[in-house]
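Structure first, commentary second.
None of the figures in this text is laboratory data; all of them are computed from the coordinates on show. All values derive from a computational prediction rather than experimental measurement. Cβ: placed from backbone, ideal geometry, glycine included. Neighbour counts: every protein chain shown.
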Amino acid sequence: MGFTVAIIGRPNVGKSTLFNRLAGRKLALVDDTPGVTRDRRIHPARLYDLQFDVIDTAGFEDAAAATLQGRMRAQTEIAIREADLIFFMVDAKAGLLPDDRTFAEIVRRSGKPVVLVANKAESRGAGSGMLEAWELGLGEPVPVSAEHGQGMPDLRDAVIGALGDARAFGEEEEGEAIAESEVLIGEDVADPDAEATYDETKPMRIAVVGRPNAGKSTLINALIGEERLLTGPEAGITRDSISVDWEWRGRRIKLFDTAGMRRKAKVQEKLEKLSVADGLRAIRFAEVVIIVLDATIPFEKQDLQIVDLIVREGRAPVIAFNKWDLIENSQEVLADLREKTERLLPQVRGLQAVTVSAETGRGLDRLMEAVLKTHRIWNSRVSTGRLNRWLEGVLTHHPPPAVAGRRLKIKYVTQAKTRPPGFVVSCSRPEAMPQSYVRYLVNNLRDAFDMPGVPIRVALRASENPFAGRAKKR
């Protein structure tokens with residue numbers, strides 16, 4: 001049946017490092033800066049023969065509810081309520097601080113079983129911090145080193161002691177592999193070349209990206225109908241790429257919230273570089289990417305670069321013009337946005353663009369319908385027979401140009417892959433084919449087979465000459 005563990009403690013005691021250790025992969029961002037983690041993250045974990053879900057949380061801070069730290073603390077309190085067991089983590093190297101005592105009292109009042117984890121126990125002088133930890137009244141501290149993996153057998157024994165054998169081991173579901181039970185950022189998208197039909201049973205992976213303060217986290221909260229992600233007026237709140245499981249009209253969906261992406265020249269701090277790299281990884285392994293643009297200041301240079309990156313990665317893009325509730329003269333602005341979308345993003349002609357308001361919930365169903373339509377097109381396949389009948393008409397209407405006095409010949413075309421649609425064109429002298437004619441073929445493919453708004457790949461191949469390499473017989 002499994003159980004859930006929440007890792008709680010003040011900032012910079014090593015919660016995310018232990019989370020990564022238990023999850024078996026580097027999912028959470030780790031840095032020496034206090035307060036790196038802000039949202040809570042849940043992932044299946046394993047500790048030797050124990051299998052459970054682990055929640056990484058923001059560092060507990062004593063702050064007013066309206067502040068960013070106060071909102072982070074509210075997320076951590078939700079994690080405490082959801083957990084069956086709490087790992088209360090302290091820094092054995094630094095010893096106890098006043099905040100440790102305050103938060104230990106909060107954890108004690110929750111009534112949940114607690115394991116006191118003394119991290120950084122490998123460092124010199126950690127012994128005194130271990131002795132101080134007894135003062136919290138949470139039982140015997142378990143010395144561990146999350147960075148180096150020391151003390152994990154003792155931690156396992158402490159979990160069993162806190163929960164009991166029956167609860168700790170539970171009933172394992174057959175065929176369930178914890179580390180691989182969820183498709184996560186970092187795992188490649190399988191390329192279903194053999195599939196001819198659209199499979200609606202598989203979970204769809206959607207990444208939500210954009211510039212800082214465009215409303216990405218607010219949009220995800222509005223979609224799922226709960227305050228799952230940390231939001232606020234401050235720019236750059238989100239740091240980790242957080243995944244959220246959701247269901248829309250019976251379709252299973254995995255949403256990935258990402259950090260805001262500023263221009264590369266402005267990204268100087270190491271932590272922001274890590275956050276952006278995590279967001280880029282989310283784009284690379286999503287299926288559909290929702291680009292959230294601030295409708296009050298749309299199509300900044302950075303917005304166009306984000307869309308171009310998504311197209312180059314071969315993902316299916318959808319634009320959400322957020323903060324539509326702030327727009328006056330909406331019909332005029334909408335017409336202007338549509339014209340700019342077509343003019344500034346010709347590489348994905350027909351791109352789906354929807355006006356939404358994450359604050360009021362307006363336009364969310366239309367956004368998800370656009371996502372589903374784009375995902376279906378991204379998975380579409382055209383038979384070779386239909387493609388070559390189309391090619392015959394194209395060549396009759398507009399044949400390839402002559403290069404260096406010799407006309408280029410196109411023999412046939414076939415679809416080699418989906419996700420995104422990729423086509424192979426067999427022709428003579430592919431190196432001489434002008435890019436303008438390749439673009440003509442791509443645009444004609446879009447119109448003929450109704451594939452707007454997704455990247456289309458066209459590869460040129462020279463057909464094999466069966467007589468190449470043979471000496472001419474006299």
Report relative contact order for the range 384-462 in percent, whole number only (criteria: Cα-Cα under 8 Å, sequence separation at least 6).
30
Estimated distance in nm for a label pair at residue 201 and residue 383, the labels positioned 7 Å out from Cα along Cα-to-Cβ
2.5
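Counting other beta carbons within 10 Å of each residue's own, what order do 323, 301 fall into, fewest first? Working shown, then result.
Working: 323 23, 301 8.
Taking fewest neighbouring Cβ atoms as first place, the list is 301, 323.
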Antiparallel as a % of all DSSP beta bridges within the range 204-378, to the nearest 5?
30
Filtered chymotrypsin sites (Phe, Trp or Tyr not before Pro), the range 1-75: DSSP coil and at most 13 other beta carbons within 10 Å:
48
The list [x] 23.6; [y] 27.6; [z] 25.3 gives values of Kirkwood radius over Cα pairs in Å, and only one came from this structure; which label was calculated from it?
[z]
Please report the relative contact order for the range 313-439, taking Cα pairs under 8 Å with a sequence separation of at least 6, and give it as a percent rounded to a whole number.
22
Got the relative contact order for the chain handy, in percent, Cα pairs under 8 Å and 6 or more residues apart?
11
Run the quick spin-label model on residue 344 and residue 313: label points 7 Å from Cα toward the beta carbon, then report their separation in nm to one decimal.
2.0
Using alpha-carbon coordinates, inclination of helix 435-449 to the longest axis of the chain, degrees:
80
Relative to the chain, whose Cα atoms define the longest principal axis, helix 301-312 and its Cα axis are tilted in degrees, nearest 10, by 70
Contour minus Cα-Cα distance for residue 436 and residue 362 (0.36 nm per residue)
22.6 nm
What's the angle, to the nearest 10 degrees (0 to 90), between helix 98-110's Cα axis and the longest principal axis of the chain?
90
